[in-house]
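Shown next, in structure tokens, is the structure this report addresses.
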Amino acid sequence: MIAVITGDIINSKAGEVKSWLPLLKETLSIYGNTPKHWEIYRGDSFQLSLDPKKALLAAIHIKSTLKQTKTFDVRMAIGLGEETYSAHNITESNGSAYVNSGECFENLKKDSLALKTNSEVIDTTLNIMIRLALLTVDNWSSVVSKVIKTAIEHPNKPQKDLAKRLNRSQSNISEAFKRGGYEEIITMNQFYVKHISTL
């Protein structure tokens, strides 16, 4: 089983491409190599394939990357399933993970993140949780986004190390975690990892 994230940039025409493209590439590179594991196409769309256990937190990570710009955001669909054909370019690969990701992306309406597996029960539960998380995530400030992005990239670092890295006080970091719902996101991710392992 693999996960495929299909996404596009919200407000991509509202500013310079150089304001978001290098940041997006840098974050996607953490999860694999282009064009095998990720690719940016049609100017502001992208696809990423990765380990299903990493997919939800990776989507939050990508969101935190874009939202630190103040101008841009991202819509994403996570599809879980099989990869029946692996091409040199991810955009030519195929399987139920790609189909689920594409269908889920087409059905994104008001929500900026959702997922689709081959289990309706798991989809319903996880998408309700994601929707609730988005009430907070969609309103992250650039400061909160930057703190959460750094925390995801350095999961074992204590707050004082993150504060040092970001040139902020530890109380700033703690406050950003609270405002961004970081602990709740980590708890949601643990629930997600546990439940997709039953697929």
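Quick notes on this one:
- Residue count for the range 85-115, restricted to those that are touching a Phe, Trp or Tyr at 6+ places or on another chain (Cβ under 9 Å), assigned to a loop (DSSP other than H, G, I, E, B) and more than 19 Å from residue 40 (Cβ to Cβ): 1
- Residue within the range 92-100 that is open to solvent by less than 60 Å² (accessible area, probe 1.4 Å), over 24 Å from residue 188 (Cα atoms), in contact (Cβ under 8 Å) with a residue 40 or more places away in the chain and not basic (Lys, Arg) present: yes
- Condition met for residue 162 (part of a helix (DSSP H, G or I) and either in contact with a strand residue (DSSP E or B) (Cβ under 6 Å, 6 or more places away or on another chain) or within 17 Å of residue 68 (Cβ to Cβ) (or both)): yes
- Looking at 136, 198, just one residue is in a helix (DSSP H, G or I), among the β-branched types (Val, Ile, Thr) and either open to solvent by 50 Å² or more (accessible area, probe 1.4 Å) or modelled with pLDDT under 95 (or both), and that residue is 136.
- Inter-residue pairs, beta-carbon under 6 Å, first outside any strand (DSSP E or B) and in the range 32-52, second loosely packed, with under 15 Cβ neighbours inside 10 Å and not hydroxyl-bearing (Ser, Thr, Tyr), 6+ apart: 35/89
- Test: residue 152 is within 24 Å of residue 198 (Cβ to Cβ), part of a helix (DSSP H, G or I), touching a residue at least 24 places away in the same chain (Cβ under 8 Å) and not basic (Lys, Arg): no
The values are calculated or read from the model by the stated rules, or taken from the named source; none is laboratory data. Remember, it's a predicted structure, so these values are computed and weren't measured experimentally. When we count neighbours, we look across all protein chains shown, and the Cβ atoms used for this are built from the backbone with ideal geometry, even at glycine. SASA here: full protein model, heavy atoms, side chains in, ligands and nucleic acids out. Shrake-Rupley method; radii C 1.70, N 1.55, O 1.52, S 1.80 Å.
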